[in-house]
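A short worksheet on the structure shown next.
The values are calculated or read from the model by the stated rules, or taken from the named source; none is laboratory data. From a predicted model like this one, the values you see are computed outputs, not experimental measurements. Neighbour counts run over all protein chains shown; Cβ positions are idealised from the backbone, glycine included. The protein model used for the area step is the full one, side chains on, heavy atoms only, and it has no ligands, DNA or RNA in it. Shrake-Rupley method; radii C 1.70, N 1.55, O 1.52, S 1.80 Å.
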Amino acid sequence: MKATIGLGSNMGDRFAYLQQALDSLNTVIGVQVHSVSPVYETDPVGGPEQDNYLNAVAVIKTVLTPHQLLTETQQIEQEANRQRIEHWGPRTLDLDLLAMDSEVIATGDLDLPHPRAHERGFVLLPWSMLDPDYVVPGHGSVADLLTRVDVSGVRLRTDLQLVAN
């Protein structure tokens, strides 16, 4: 399956956390990072006042089930000292499972596609660099969705480039 993962960090060495997440994803048996977007610096959306984020999107190939992949991404967040203290609060690393092929899942711990991905510029802009024609089930193509959101707080960081080893 093809899966799309949103990466974000706004604490500590933000770029190092994003690169560490990609490297860790590539070590998971049954997962291979296929491509990664440019890095964007983004204003925080929702939650308490906090520092800006670095955000990117990765497309991976996997044989894992959605729940298995969720478990792996949460483990990678824990290894990066992710603390879940405050809803939408600052974090060393945030890995969001945005989509897996055309899967539609709504359980207590996993919703696919991600329930807010279609309305977030900091997700759609980097995603559009990798897979603009992907149709987010129930919402439309990434490229079309991007035309409907505010991206004024999303700025390309040409000085930072993640490597999908």
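Residue selection: Val36 satisfies the criterion of being surrounded by 13 or more Cβ atoms within 10 Å (Cβ to Cβ), within 27 Å of Pro137 (Cα to Cα) and of a type in the set (Val, Ile, Thr). Put simply, of Gln19, Gln50, Gln32 the only residue that is among the polar types (S, T, N, Q) and part of a loop (DSSP other than H, G, I, E, B) is Gln50.
Quick one: in the range 108-165, of everything that is open to solvent by 30 Å² or more (accessible area, probe 1.4 Å) and among the polar types (S, T, N, Q), which residue is nearest to Gln20 (Cα to Cα)? Among residues in the range 108-165 that are open to solvent by 30 Å² or more (accessible area, probe 1.4 Å) and among the polar types (S, T, N, Q), the one nearest to Gln20 (Cα to Cα) is Asn165.
How many residues are surrounded by fewer than 17 Cβ atoms within 10 Å (Cβ to Cβ) and either among the small types (Gly, Ala, Ser) or at pLDDT below 95 (or both) if we restrict to the range 14-25? Residues that pass the stated criteria total 1.
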